[in-house]
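Nothing in this text is a laboratory measurement; each read-out follows from the coordinates by a stated rule. These numbers were taken from a predicted model, which means no experiment stands behind them. Here the Cβ is made from the backbone with ideal geometry for all residues, glycine too, and neighbour counts use every protein chain on show.
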Amino acid sequence: MERKAIDTNALSEAILNGDRIALSRGITLVESRHPDHRSDANELVRKCMPAAGKAKRIGISGAPGVGKSTFIESLGKQIIQSGSKVAVLAVDPSSPISRGSILGDKTRMEWLSTNENAYIRPSPAGDTLGGVARATREAIILCEAAGFDHVVVETVGVGQSETAVKNLVDIFVLLLLPGAGDDLQGIKKGIVEMADIIVINKADGENMSAVNKAIGFYASALHLLPLKNEKWQVPVMSCSALFDTGMEKVLHKVMEYFAKIGSFVTENRQQQAKYWLKESVLEKLHQHFYSQESVSNAFKDMEKKVENGLIQPFEAADQIFAFYLDALKK
């Protein structure tokens, strides 16, 4: 069956006019893994790029149960009430079954879901970090072209996806829970080092003592880390997203970051573009390498030999790569 041609001119024009249906179609296109869709997706993004790049890109991360969806809902309200528009995206390559929490959270973000100045997009399904991040990076461009001047990118948990998000956004906000063991709540040092703002959520009721303790703990811990930028000292704040308390201060701190680190944002995006260029080339090489039948057969054979101690892993890798080079010559 012949593939129906995609009119990227009409689709890009509709996106630039703020058409939500067109935006969703465009994001579906850039998420597609079908080889025939790649050239159309590239063309669509290329047409939208001149109108993109002006939004504030905000990454939100935190362990499951920290209240990310409630926090995003509350932050989104603050953004919209300040006269702006917000799009919410997600990155989660780790869960082929659940496809990420935001699929369920979309129904919980009732205020944002029905507001004309907000757009919520569930995470693309994917089992490779590079593919998911590529789709999210391109989705950001389409959202910006559609007129959203704030793009929130959520990660589902604390893990590999945080590194991807850090390389997609301008500011990285880490959400933590009070009284969850503080340094033992599954937050790795590397994740804390990536944070530009740390927010202790659920600061209400009987939690306040634990909140103050957590603020002191993380403020002290940050003093032991090297300063990422001389213009910015990472703050540790608290809020109750459920009761919308402290959220205005959080948004104010986010805006303060952009005011102080303006030139750094441009430089950071340039570095991110180079990072994703390298990652994309590596991913394509990875796919091409393992798509060779001779390589696949050799890999299985070498795995058994390595497992049984018949050959060293490094020598086995050299031999497998030799099979790959031979395959390229054919």
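Things to note:
- Dipole axis of the chain (+1 Lys, Arg; -1 Asp, Glu on Cβ), positive-most option in 15, 306, 66: 15
- Proximity of backbone amide H atoms, modeled 1.01 Å from N, is registered between residue 56 and 150, 151 at under 5 Å, excluding neighbours fewer than 5 places apart on the same chain.
- Across all C-alpha atoms in the range 243-296, the radius of gyration and Dmax reach 20.5, 60 Å.
- Orientation-averaged projection of the chain equals 20.9 nm² [convex hull of Cα atoms, one quarter of hull surface area].
- Most mobile of 15, 320, 191 in a GNM of the chain (Cα contacts under 10 Å): 320
- Only beta bridges with both residues in the chain are counted; by DSSP, about 5 percent of them are antiparallel.
- Computed from point charges on the beta carbon alone (+1 for Lys and Arg, -1 for Asp and Glu), the dipole magnitude for the chain about its Cα centre is near 380 Debye.
- Degrees separating the helix 129-145 axis from the principal Cα axis of the chain, which is the longest one: 50
- Charge-dipole axis of the chain as Lys and Arg at +1 and Asp and Glu at -1 on Cβ define it, positive-most pick from 217, 48, 290: 48
- Contour excess over end-to-end distance, with Cα ends at residue 248 and residue 163 and 0.36 nm allotted per residue: 27.9 nm
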